[in-house]
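Everything below concerns the one structure shown next.
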Amino acid sequence: MRETSTMQQSALSGITRRRFVVTVAAGSAAAAALAMLPIDPVAAQEGPKTLDEAIKAAIGDRQPADGAGVISLDVPQIAENGNTVPLSVAVDSPMTAEDYVRTVHLFADGNPRPGVIAFNFTPRSGRAEAATRMRLARTQNVVALAELSDGRVLMTQAEVKVTIGGCGG
Amino acid sequence: MAKSQARVRVPKSAGKGEVVEIKTLISHEMESGQRKDKDGNPIPRKIINRFVCTMNGEEVFSADLEPAISANPYLSFYVKVEAPAELAFAWHDDDGSVYEAGETIAVA
Amino acid sequence: MRRIGIVLAAAGLISVAGAGVAYTDSIDWGTYQVGDKRSGYTYAQPETRAMQDDDFENPGFLLMDQAATLWETPDGAAGKACVGCHGDVESLAGVGATYPVYFEPWGKMMTVEQRINQCRTEGMKADPWKWESDEMLGMTALVKHQSRGMPVNVSIDGPAKPFYEKGEAFYYERRGQLDLACANCHMDNAGLQLRANTLSQGMPNGFPTYRLKWQKVGSLHRRLRGCNDQVRAEPYERGSDEYVNLELFIMHRANGLPVETPAVRN
């Protein structure tokens, strides 16, 4: 079953309004196919529970070097709401076929599961920089691990204070 | 809502060798699997777990998302444009659905 | 207001010299401030404002994209679509800024949501949308968004007057176990800290709004229910006369501030 819907992107500076198409391969057929796979959905979704386990799962026994000055991890010092915390990370790299950043793993050590996201780059990315928005259950450290193409791993971290609001409505 | 709605912002054209920013946003509740319903039963996890961007058929950027990513996942990243580019975007849902979008960048 | 200060201070909830006060008062907020009236935008943190500043990054637009499709899609026994009567949705520029309006056949006020359902049930012979459905939120946002940047311009003259007075009475009436009126927080103590939040003036010019807490777009009446719940009062139903009249009072209070739909707020 395929559904098609059109959508529009907003006109913003330097970029014209254009239309494009989203294809959705959704619904019962896909769900049925998934149900036949020999995967325990609960087990498959259980990732590492601690930061140490998560780091080990990501980089094995390699020891990360201090990434301060090479990785810039941009997160707010104080987050107004833990549901939507902006996160941006950039690694200083030439991003050539010989020397590039393969993956940046991001973890949050105070969430029920530390995993947040992994950004996978290629030399075609041109720049090892990406951004998203994350959930933080409470005040905690956000950890960035950068895996380089030569196998080295760099690490840095930053604390985000998550405020407890008075207006829960 | 039955359909996920996606938005992609891509420049229309780029200079040869230019590195340009791509922004994407898709409507999705990103149910974390950590919440319980009114009767105390766990609500099963249902998230976008993977995003892939290809340029002229080759993967240029991807992301593996965890339940800690906010609802309506937003991603921005960069691509280096060496030639006229056909960009394809795919968001993979836990339920097996794949939401797709496409864009092109001309080389000025 | 001495009493509220005492009540909130006793509960450890309010701090007079909060961090949010000093930095906001010295900033030129442009159109987000008109005289003493300040949009909720001016109380938000920079990251939250940035999400609203760039339409692409504002997730509120996702529902409006969907509503733009619904605008052109026939629905109901009459086989009509919004576009058939109204033309392009841009034709509604300015309209959303005047709601709620007095609706003669009902003999009372009508919100944008109620106007949409009136079109659906009477004009299109379609089922009404639920107040907090994605369809209703998206369409309400799409209609109000056509007035974005225009000043809120709600009339309380003539037949609207008695409903305005009811809304005003609600606004000043203490309620709930905390015994607080809307005015206690949003008039007397706006700008002060309630725990880690800065109390805003409660201006509704950005609704339906994408709220970080909700992680989705929600209606003004959902927010009002949240406020009432927060003071341990029994909330009213969305679309109730109480909330429609209160919407009239607070929208009129926001007259002159720009429509920001879909705003992004904490």
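Of everything listed in (1) more than 9 Å from chain A (Cβ to nearest Cβ); (2) open to solvent by 10 Å² or more (accessible area, probe 1.4 Å), the single unmet condition for B:Asp94 is (1).
Summed over segment B:57-69, the residues that are more than 22 Å from A:Ala58 (Cα to Cα) and surrounded by 14 or more Cβ atoms within 10 Å (Cβ to Cβ) give a count of 0. So, in segment C:194-216, exactly how many residues are more than 10 Å from every other protein chain (Cβ to nearest Cβ) and open to solvent by less than 10 Å² (accessible area, probe 1.4 Å)? Counting residues in segment C:194-216 that are more than 10 Å from every other protein chain (Cβ to nearest Cβ) and open to solvent by less than 10 Å² (accessible area, probe 1.4 Å) gives 5. Restricting attention to segment C:66-84 and to residues that are in a helix (DSSP H, G or I) and more than 21 Å from C:Pro262 (Cα to Cα), the residue that is farthest from the other protein chains (Cβ to nearest Cβ) turns out to be C:Gly84. With respect to being surrounded by fewer than 23 Cβ atoms within 10 Å (Cβ to Cβ), touching an Asp or Glu at 6+ places or on another chain (Cβ under 9 Å) and among the aromatic types (Phe, Trp, Tyr), B:Tyr99 falls outside the description.
With the structure loaded, tell me whether C:Ala50 is open to solvent by 40 Å² or more (accessible area, probe 1.4 Å), at negative phi and either among the acidic types (Asp, Glu) or part of a loop (DSSP other than H, G, I, E, B) (or both) or whether it fails that test. It would help to see each step written out before you state the result.
Details: open to solvent by 40 Å² or more (accessible area, probe 1.4 Å): yes; at negative phi: yes; either among the acidic types (Asp, Glu) or part of a loop (DSSP other than H, G, I, E, B) (or both): no.
Against the criterion (open to solvent by 40 Å² or more (accessible area, probe 1.4 Å), at negative phi and either among the acidic types (Asp, Glu) or part of a loop (DSSP other than H, G, I, E, B) (or both)), C:Ala50 does not qualify.
For segment B:1-19, a residue qualifies if it is open to solvent by 10 Å² or more (accessible area, probe 1.4 Å) and within 21 Å of B:Glu82 (Cβ to Cβ), and the qualifying residues are B:Arg9, B:Pro11, B:Lys12, B:Ser13, B:Gly15, B:Lys16, B:Gly17, B:Glu18, B:Val19.
Report whether or not C:Ala17 is in a loop (DSSP other than H, G, I, E, B), more than 18 Å from the chain's Cα centre (by Cα) and at pLDDT below 90.
Answer is yes for this residue.
Being out of contact with any Ser or Thr (no Cβ under 9 Å at 6 or more places or on another chain) and small (Gly, Ala, Ser): is that true of C:Gly226 here? Explain how you work it out, then say what you get.
On the way: out of contact with any Ser or Thr (no Cβ under 9 Å at 6 or more places or on another chain): yes; small (Gly, Ala, Ser): yes.
Here the answer is yes, as C:Gly226 does meet what is asked.
With a requirement of 3 or more residues that are closer than 20 Å to A:Val116 by Cβ and out of contact with any Gly (no Cβ under 6 Å at 6 or more places or on another chain), the strands (runs of 3 or more DSSP E) lying completely within chain B that satisfy it span B:18-26, B:48-55, B:58-65, B:74-81, B:85-93. Considering only residues in segment A:143-165 that are on the phi < 0 side of the Ramachandran plot and in a loop (DSSP other than H, G, I, E, B), the one that is surrounded by the fewest Cβ atoms within 10 Å (Cβ to Cβ) turns out to be A:Asp150. Taking the stated definitions as given, is C:Gly79 over 30 Å from C:Asn255 (Cβ atoms) and exposed (fewer than 15 other Cβ atoms within 10 Å of the Cβ)? Considered against the rule, which asks whether it is over 30 Å from C:Asn255 (Cβ atoms) and exposed (fewer than 15 other Cβ atoms within 10 Å of the Cβ), C:Gly79 comes out as yes. Set side by side, the residues B:Val81, B:Val60 differ, and just one is over 27 Å from C:Arg211 (Cβ atoms) and either among the acidic types (Asp, Glu) or at the interface with chain A (Cβ under 7 Å from one of its Cβ atoms) (or both), which is B:Val60.
A single member of B:Ala88, B:Ala108 is farther than 27 Å from C:Leu212 by Cα, touching a residue at least 60 places away in the same chain (Cβ under 8 Å) and more than 9 Å from chain A (Cβ to nearest Cβ), and it is B:Ala108.
For segment C:247-266, a residue qualifies if it is within 14 Å of chain A (Cβ to nearest Cβ) and either closer than 14 Å to C:Glu132 by Cα or touching a Phe, Trp or Tyr at 6+ places or on another chain (Cβ under 6 Å) (or both), and the qualifying residues are C:Pro262, C:Val264.
Can you tell me which of C:Gly191, C:Gly226 is within 13 Å of another protein chain (Cβ to nearest Cβ) and surrounded by fewer than 24 Cβ atoms within 10 Å (Cβ to Cβ)? Explain how you work it out, then say what you get.
Working: C:Gly191 fails: within 13 Å of another protein chain (Cβ to nearest Cβ).
Result of the check over C:Gly191, C:Gly226: C:Gly226.
Apart from one condition, C:Gly176 fits all of (1) at positive phi; (2) within 12 Å of the chain's Cα centre (by Cα); the exception is (2).
Before we move on, is A:Gln77 under 23 Å from C:Gln52 (Cα atoms) and open to solvent by 30 Å² or more (accessible area, probe 1.4 Å)? Yes: the conditions hold for A:Gln77.
The values are calculated or read from the model by the stated rules, or taken from the named source; none is laboratory data. These numbers were taken from a predicted model, which means no experiment stands behind them. Please note: Cβ atoms are built from the backbone with ideal geometry, for glycine as well, and neighbour counts cover all protein chains shown. Accessible surface is based on the protein model in full, side chains and every heavy atom, while ligands, DNA and RNA are left aside. Shrake-Rupley method; radii C 1.70, N 1.55, O 1.52, S 1.80 Å.
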